1. At a 10 angstrom cut-off on C-beta neighbours, averaged per residue, how do the peptides 204-210, 166-172, 37-43 rank from highest to lowest?
2. Tell me, rounded to the nearest percent, the portion of alpha carbon pairs in the range 198-262 spaced more than 18 Å apart.
3. So what's the projected area for the range 121-167, the Cα convex hull averaged over all directions, in nm²?
4. Compute the accessible area per residue over the chain, keeping the other protein chains in place, probe 1.4 Å, unit Å².
5. State, to one decimal in nm, how far the label point of ASP56 lies from the label point of TRP148, with both points 7 Å from Cα in the Cβ direction.
6. What is the diffusion coefficient of the range 28-141 in µm²/s, taking the Kirkwood radius over Cα pairs and the Stokes-Einstein relation at 4 °C with a viscosity of 1.567 mPa s?
7. Leaving ligands, DNA and RNA out of it, report the carbon-plus-sulfur percent of the accessible area of the range 9-128 at a 1.4 Å probe.
8. If N is the number of residues in the range 137-259, what value comes out of its Cα radius of gyration divided by 2.2 N^0.38 Å?
Amino acid sequence: MRDFPPRRIVCLTEETVETLYLLGEQDRIVGVSGYAVRPPQVRREKPRVSAFISADIPKILALDPDLVLAFSDLQADIVADLVRAGVAVHVFNQRDVAGILAMIRTLGAMVDAADRAGGLAQSLEQRLAAIAAAPRPGPRPKVYFEEWDDPLISGIGWVSELIEIAGGTDALPHLRAHKAAKDRIVTPDAVREAMPDVILASWCGKKVVPDRIRQRPGWSDIPAVRNDRIVEIKSPIILQPGPAALTDGLDAIVKALWARHL
């Protein structure tokens with residue numbers, strides 16, 4: 001970087017966008033992912049320069065960024081092109097709740113807002129603890145989270161943790177440590193054998209169709225299907241490892257698990 005803190009930041013995923021807005025540092029952002037929707041005004045205020053695994057490299061370079069923020073190996077090719085072009089890049093790789101909180105603190109330090117970032121992370125930690133400690137009106141339901149429908153992919157680490165914080169039990173907990181989606185592919189029979197009480201689905205930006213889930217062979221005996229407890233959770237609030245998942249995403253899980261008891 002030429003300057004510290006960086007004056008011109010491009011964010012290739014949405015969680016760093018939301019974090020910078022929450023820290024009051026949004027004026028540093030000069031380009032965002034096309035998936036960035038939080039806060040709503042970002043769609044009006046910031047030019048879109050990328051999808052998730054593709055980006056308009058010339059457009060990014062024309063913005064003359066001091067720093068580009070990316071996420072995971074899935075953006076490795078984009079990052080490689082930017083590095084070759086002489087751009088400073090930081091790639092986050094958080095896959096669990098602790099990693100999300102560390103991302104917030106790290107990003108805050110990078111824009112010289114460490115105190116505010118620490119306060120934000122601490123408030124989120126306190127919120128998580130309060131929800132985890134809340135009394136629940138029944139036994140912990142077993143929850144299957146479906147991140148994709150063809151093939152079936154179960155929830156990533158932070159989703160599994162949030163299910164437990166919300167008062168549920170992950171139906172396939174052995175898979176949550178796997179970072180790559182290909183390592184979380186499950187068979188329909190494995191889900192049927194797990195017999196989840198609730199099915200939460202977020203098909204990575206595609207609208208969930210509960211009837212497709214109900215009509216899967218052999219699934220009619222699954223308690224979640226039999227009792228009509230199939231709930232869509234919108235991708236922007238649960239599949240991005242940032243503040244959204246720890247706030248609106250967690251709230252949506254709590255509602256899905258316990259609304260009928262309230």
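1. 166-172, 37-43, 204-210
2. That tail contains 41 percent of the Cα-Cα pairs.
3. The directionally averaged projection comes out at 4.0 nm².
4. Solvent-accessible surface per residue comes out at 45 Å².
5. Distance between label points: 2.7 nm.
6. So the translational diffusion coefficient is about 79 µm²/s.
7. About 51 percent, which is the carbon plus sulfur part of the accessible surface.
8. After normalising by residue count via 2.2 N^0.38 Å, the value is 0.94.
The values are calculated or read from the model by the stated rules, or taken from the named source; none is laboratory data. Being a predicted model, the structure only gives us computed values, none of them experimental. Cβ coordinates were reconstructed from backbone atoms using ideal geometry, including for glycine residues, and neighbour counts include every protein chain displayed. When the accessible area is computed, the model is the full protein with side chains, heavy atoms only, and any ligands, DNA or RNA have been set aside. Shrake-Rupley method; radii C 1.70, N 1.55, O 1.52, S 1.80 Å.
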